[in-house]
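The values are calculated or read from the model by the stated rules, or taken from the named source; none is laboratory data. It should be emphasised that the depicted structure is a prediction, and the values quoted were computed from it without experimental measurement. Cβ atoms come from the backbone with ideal geometry, glycine included; neighbour counts cover every protein chain shown.
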Amino acid sequence: MSQKLSPVTALLLTVPPLMWAGNAVVGRLVTDLVPPITLNFLRWLVAFFILLPLAWKVLRPGSGLWSHWQRFGLLSLLGVGCYNALQYLALQTSTPLNVTLVAASGPFWMLVIGALFFKAPVRRKQLLGAMLSITGVLVVLSRGDWQQLLAVRWVIGDFFILLATACWSLYSWLLSRRDEPEAIRNDWAAFLLAQVVFGLVWSGLFAGLEWGLTDAHITWDWPLMATLAFVAVGPAVLAYRFWGLGIQQAGPAVAGFFANLTPLFAAVLSAAFLGELPHLYHVAAFSLIVGGIVVSARQ
């Protein structure tokens, strides 16, 4: 697996954090219109119908999807079901500050899981890059005032997002194994649709639990329809496609550092929606996060 970070690969790994940040901002805007876990199920349902005309052949009996159901079932559980469900569960009891702080441990999870289960060596530059990247995230979250971090209180939701981050890291490493049939692996739409098919089962199950255990309701209107269109095309289809390509070209460990761009993009997008101007700490954080990416990717 190549560890070279070309400009094209860097762009591929930058688009998903941008899409995921937009997903978080838009998701907060429609909290009164749709339950969070149900929103996740609906976005994958829309994504399924977007991908279906492009890769419907993967659903045929001889395509290799059903004979490799264990792999696609596990990928969809980690990437489509558990990660998103745990993230939404975390936000029920924890603050966005805590959730993003814990999620910033992603590069360390990538290195640890890779070393323990995939025999991937951990280089000192990767550890240094992880420290720089996470420091940049902390700068954004603290808004340049470190005293805000001292006021953080840990709740059960923080452990949910910790587990979610571990699930995403394992999902990313499993993507790099490329154990699926060649016909599916070489067709991006087929590969994503194969995950969505099983992902609908997991996300539908979690949404069913949400409706059964809470007072859930949906308000169908144009803002919600526009939201579903965005989260299905951007965070669901494009982000997962680019993330998979980026991992194949740069490796999961390097890709993990790009995931830390998500809170930075989220801060910028939130500031834009709230009408706030960027601050100097945004520039400092961006420099640290990008510095971590560059240091970790160097040979």
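For the range 176-207, how many residues are of a type in the set (S, T, N, Q) and either touching a strand residue (DSSP E or B) at 6+ places or on another chain (Cβ under 9 Å) or modelled with pLDDT of 90 or more (or both)? If you could, list the steps in order and put the result at the bottom.
Residues of the range 176-207 of a type in the set (S, T, N, Q): 176, 186, 195, 203.
Within this subset, residues satisfying the condition of being either touching a strand residue (DSSP E or B) at 6+ places or on another chain (Cβ under 9 Å) or modelled with pLDDT of 90 or more (or both) are 195, 203.
Looking only at that region, the number is 2.
Of all residues in the range 27-72, how many are at pLDDT 85 or above and among the charged types (D, E, K, R)?
Qualifying residue count for the region: 4.
Of all the residues that make up the range 239-279, how many are charged (D, E, K, R) and either at pLDDT 80 or above or in contact with a Gly (Cβ under 8 Å, 6 or more places away or on another chain) (or both)?
1
Return yes when V102 is in contact with a helix residue (DSSP H, G or I) (Cβ under 9 Å, 6 or more places away or on another chain), modelled with pLDDT of 80 or more and in a helix (DSSP H, G or I) and no when it is not.
For V102, the condition - in contact with a helix residue (DSSP H, G or I) (Cβ under 9 Å, 6 or more places away or on another chain), modelled with pLDDT of 80 or more and in a helix (DSSP H, G or I) - is not met.
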